[in-house]
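J.: Here it is: the structure, laid out below.
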Amino acid sequence: MEFQRSSGVLLHVSSLPSYGGIGDLGPAAHEFVDFLARAKQHVWQVLPLGPTGYGNSPYAGSSAFAGNSLLISLEFLADWGWIDGERIANLAGRSGAVDFGKVERSKLPLLYEAAANFLDRGPHDPRLAAQWGQFEKFCRTEAGWLADYALYAELRRQYNTIAWTAWPEPLRRREPQVLADAAAKHGRAIAQEQALQFAFSVQWNQLREAAARSGIRILGDVAIFVNMDSADVWVHPELFELNEELKPVRIAGVPPDYFSETGQRWGNPLYRWDLLASRGFDWWIKRIRCATQLYDIIRLDHFRGFEAYWAIPAEEDTAINGAWVKAPGLALFRALELALGPLPLVAEDLGLITTEVDTLRLEMGMPGMRVLQFGFSNKNAHIHLPHRFAPATVAYTGTHDNNTTLGWWQEASEVERDAVEAYVGLAPIGDRVASPVSTPVWPLIRAVEASVAQMAMVPAQDLLELGAEARMNMPSVAAGNWSWRAPEASWTPELAARLAALAEVTDRDNDPLGEAEKETENAAK
């Protein structure tokens, strides 16, 4: 699919300087949309929005369909009448890194309290009557995953967040009577989980609508694999490579690469693509349909895994002794297209990319990705530099897996530094004020924006010229990731003006109405 020439910012929702200890879908998110509009940006890119598990990674979620309850705005719930504003008055403020443990201890109880209030008052309170009807419709419409996820989430709480693989055998194997008994026993808690999923859906849709009114599209992320400890694997074990003990036979990862000498052993169970194909890829159709309801543009993480994936024997401690195995590729995407129509997909085609992977991407008309930080080490890396870009590209200074551009520059080799200076030169921190420190952060931002790439994306950390302390994720490192939050008052008028000027001169300026609409509007005057 050909995308409008545009630019945007990569910032996960959890990184917003929101009230409550973690970025959420409340006022700070709407303020960020306003900033993007003032900066004449078209795109807001977020990471996966699902509930996270061990390590708090959005790419190791406990459901491919549910939303992360921690991203729900308590401020908006108070506005709705779900909870008294005084009950949330003592939550953590808007600044500082996300302390996930603290957020779970302080925010989750209030979310469940709000959900309980809604369940008690919804059928009787005139203020909540409309929402109650919407909630009942939501439960019917999302029945295909909602009840199973809500039961899974509550059982996980009952068993102190241990994985479903360690639950009692009858629950592991989903014996019907045991499931029915559990659903009856925990009915109230299950309904609270459903109410929170409804609240997430309403708040996300309100945010997406606000973005659309300002001409901003949401670029979201779909991770190719799902977590072993997820409702998806617990509910549909037949779709994954599991043995008779419901343990993985082979797991996902990537071979040794730029990020790790021993590769990355992700641990996700692999799909039984043969069975999925025989069923017309029904589970994947449901998953991508869900993604289209969340996002305007969908980035397929680890796209090369749709052509061939790195299969690691589950007993291996590293990813070294894996093997490439063919995936369904074109057959899957044709089935998705047949069921859902043309899809706004972007291929994350970084890493070891073969001719077959490129052929699949081009056959489906998907833009690929390029990352400037990768482009300066040697001539073979120059495909990541603007003079080698094709228009069907989404170009980045860096991604959530990279260091910030300032952090990368501070650790760059002499070869890389010389190449950067030759290519874009350096500029003082702030770029317009006297500074003893010069970096390539804004020169590289300008290089991405001035390129022929259809979309130019810049992580928020680079706009703010932050160092390695603001890095979002370090691949192959299990702890300490995903916790960065933007400082309060980051989205200044000066930064918006600076981005807007760059968008205008590079023909990426946001035009919410569009030329055709403008002509119609002018003709009507």
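The values are calculated or read from the model by the stated rules, or taken from the named source; none is laboratory data. Model, not experiment: these values are computed from the prediction. Note: ideal-geometry Cβ built from the backbone for every residue, glycine included; neighbour counts use all protein chains shown.
J.: If the Cβ limit is 7 Å and pairs must be 6+ apart or interchain, which residue in region 188-205 that is over 14 Å from Ser73 (Cβ atoms) pairs with which residue that is outside any helix (DSSP H, G or I) and among the aliphatic types (A, V, I, L, M)?
T.: Final answer for the pair search is Gln197/Ala66.
J.: Return the residues of region 240-282 that are out of contact with any Asp or Glu (no Cβ under 8 Å at 6 or more places or on another chain), over 14 Å from Ala327 (Cβ atoms), outside any strand (DSSP E or B) and not polar (S, T, N, Q); say none if nothing qualifies.
T.: Glu244, Glu245, Leu246, Lys247, Pro255, Pro256, Tyr258, Glu261, Arg279, Gly280, Asp282
J.: A further question follows. I'd like to check something: does region 169-184 contain any residue that is part of a loop (DSSP other than H, G, I, E, B), under 19 Å from Asn68 (Cα atoms) and either at pLDDT 95 or above or not charged (D, E, K, R) (or both)? Can you show your working first?
T.: Step one: filter region 169-184 for residues part of a loop (DSSP other than H, G, I, E, B), giving 173-175.
Now narrow it down to the ones that are under 19 Å from Asn68 (Cα atoms): none.
Scanning region 169-184, I find no residue that is part of a loop (DSSP other than H, G, I, E, B), under 19 Å from Asn68 (Cα atoms) and either at pLDDT 95 or above or not charged (D, E, K, R) (or both), so the answer is no.
J.: Can you confirm whether Leu338 is assigned to a helix (DSSP H, G or I), farther than 21 Å from Ile353 by Cα and more than 25 Å from the chain's Cα centre (by Cα)?
T.: yes
J.: Out of Glu86, Glu75, which single residue is on the phi < 0 side of the Ramachandran plot, free of Cβ contacts under 8 Å to residues at least 12 places away in the same chain, over 18 Å from the mean Cα position of the chain (by Cα) and outside any loop (DSSP other than H, G, I, E, B)?
T.: None of the other options fit; the residue is Glu86.
J.: Please work out if Pro255 is modelled with pLDDT of 95 or more and touching a strand residue (DSSP E or B) at 6+ places or on another chain (Cβ under 9 Å). Spell out how you get there, then give the answer.
T.: Values: modelled with pLDDT of 95 or more: no; touching a strand residue (DSSP E or B) at 6+ places or on another chain (Cβ under 9 Å): yes.
Answer is no for this residue.
J.: Then there's this: Here's a check for you: in region 283-313, which residue that is of a type in the set (Val, Ile, Thr) and either in a strand (DSSP E or B) or in contact with a Cys (Cβ under 8 Å, 6 or more places away or on another chain) (or both) is farthest from Phe200 (Cα to Cα)?
T.: Here the answer is Ile312.
J.: Between residues in region 237-256 that are over 14 Å from Ala314 (Cα atoms) and residues that are assigned to a loop (DSSP other than H, G, I, E, B), which pairs lie under 7 Å by C-beta distance while being six or more apart or on different chains?
T.: Qualifying pairs under 7 Å: Pro237/Leu246; Leu239/Arg272; Pro255/Gly263; Pro255/Ala319; Pro255/Gly322; Pro256/Thr262; Pro256/Gly263; Pro256/Ile320.
J.: Further question on the same structure: Would you mind telling me which numbered condition in (1) modelled with pLDDT under 95; (2) assigned to a helix (DSSP H, G or I) Thr161 fails?
T.: Among (1) modelled with pLDDT under 95; (2) assigned to a helix (DSSP H, G or I), Thr161 violates only (2).
J.: So, one more: Considering only residues that are crowded, with 17+ Cβ neighbours inside 10 Å and not aliphatic (A, V, I, L, M), which ones fall in region 140-157?
T.: Matches in region 140-157: Glu142, Trp145, Asp148, Tyr149, Tyr152, Glu154, Arg156.
Every residue, every condition in (1) hydrophobic (A, V, I, L, M, F, W, C); (2) within 30 Å of Thr399 (Cβ to Cβ), yes or no:
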position: Lys40; (1), (2): no, yes
position: Thr52; (1), (2): no, yes
position: Ala66; (1), (2): yes, yes
position: Leu70; (1), (2): yes, yes
position: Leu74; (1), (2): yes, no
position: Ala78; (1), (2): yes, no
position: Glu86; (1), (2): no, no
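J.: Among (1) over 14 Å from Ile218 (Cβ atoms); (2) without any contact (Cβ under 8 Å) to a residue 60 or more places away in the chain; (3) not hydroxyl-bearing (Ser, Thr, Tyr), where does Val98 come up short?
T.: (2)
J.: Which of the residues belonging to region 1-11 are in a loop (DSSP other than H, G, I, E, B) and surrounded by 24 or more Cβ atoms within 10 Å (Cβ to Cβ)?
T.: Answer for region 1-11, where residues must be in a loop (DSSP other than H, G, I, E, B) and surrounded by 24 or more Cβ atoms within 10 Å (Cβ to Cβ): just Leu11.
J.: Residue check: is Asp296 free of Cβ contacts under 8 Å to residues at least 40 places away in the same chain, of a type in the set (D, E, K, R) and closer than 19 Å to Leu343 by Cβ?
T.: No; evaluated as a whole, the condition is false for this residue.
J.: Every residue in region 25-61 that is small (Gly, Ala, Ser) and on the phi > 0 side of the Ramachandran plot, please.
T.: Within region 25-61, just Gly55 meets the criteria.
J.: I'm trying to understand the selection: among the residues of region 15-36, which are touching a Pro at 6+ places or on another chain (Cβ under 8 Å) and either crowded, with 24+ Cβ neighbours inside 10 Å or among the small types (Gly, Ala, Ser) (or both)? Working first, answer last.
T.: Step one: filter region 15-36 for residues touching a Pro at 6+ places or on another chain (Cβ under 8 Å), giving 17-19, 23, 28.
Across region 15-36, the qualifying residues are Ser18, Gly23, Ala28.
J.: Ok, one more. Could you say which residue among Val254, Val202, Val222 is more than 30 Å from Ala381 (Cβ to Cβ) and either β-branched (Val, Ile, Thr) or surrounded by fewer than 16 Cβ atoms within 10 Å (Cβ to Cβ) (or both)?
T.: The conditions single out Val202.
J.: So which residues in region 188-220 are within 29 Å of Tyr271 (Cβ to Cβ) and out of contact with any helix residue (DSSP H, G or I) (no Cβ under 9 Å at 6 or more places or on another chain), if there are any at all?
T.: Leu219
J.: Then there's this: Evaluate the following for Asn473: is it buried (at least 16 other Cβ atoms within 10 Å of the Cβ), at pLDDT below 95 and touching a His at 6+ places or on another chain (Cβ under 9 Å)?
T.: no
J.: Tell me which of these Arg304 doesn't satisfy, since it passes every other one: (1) basic (Lys, Arg); (2) surrounded by fewer than 21 Cβ atoms within 10 Å (Cβ to Cβ); (3) within 13 Å of Gly253 (Cβ to Cβ).
T.: (2)
J.: Another question about this same structure. Would it be correct to say that Gly480 is over 27 Å from Arg388 (Cα atoms) and either at pLDDT 95 or above or crowded, with 22+ Cβ neighbours inside 10 Å (or both)?
T.: no
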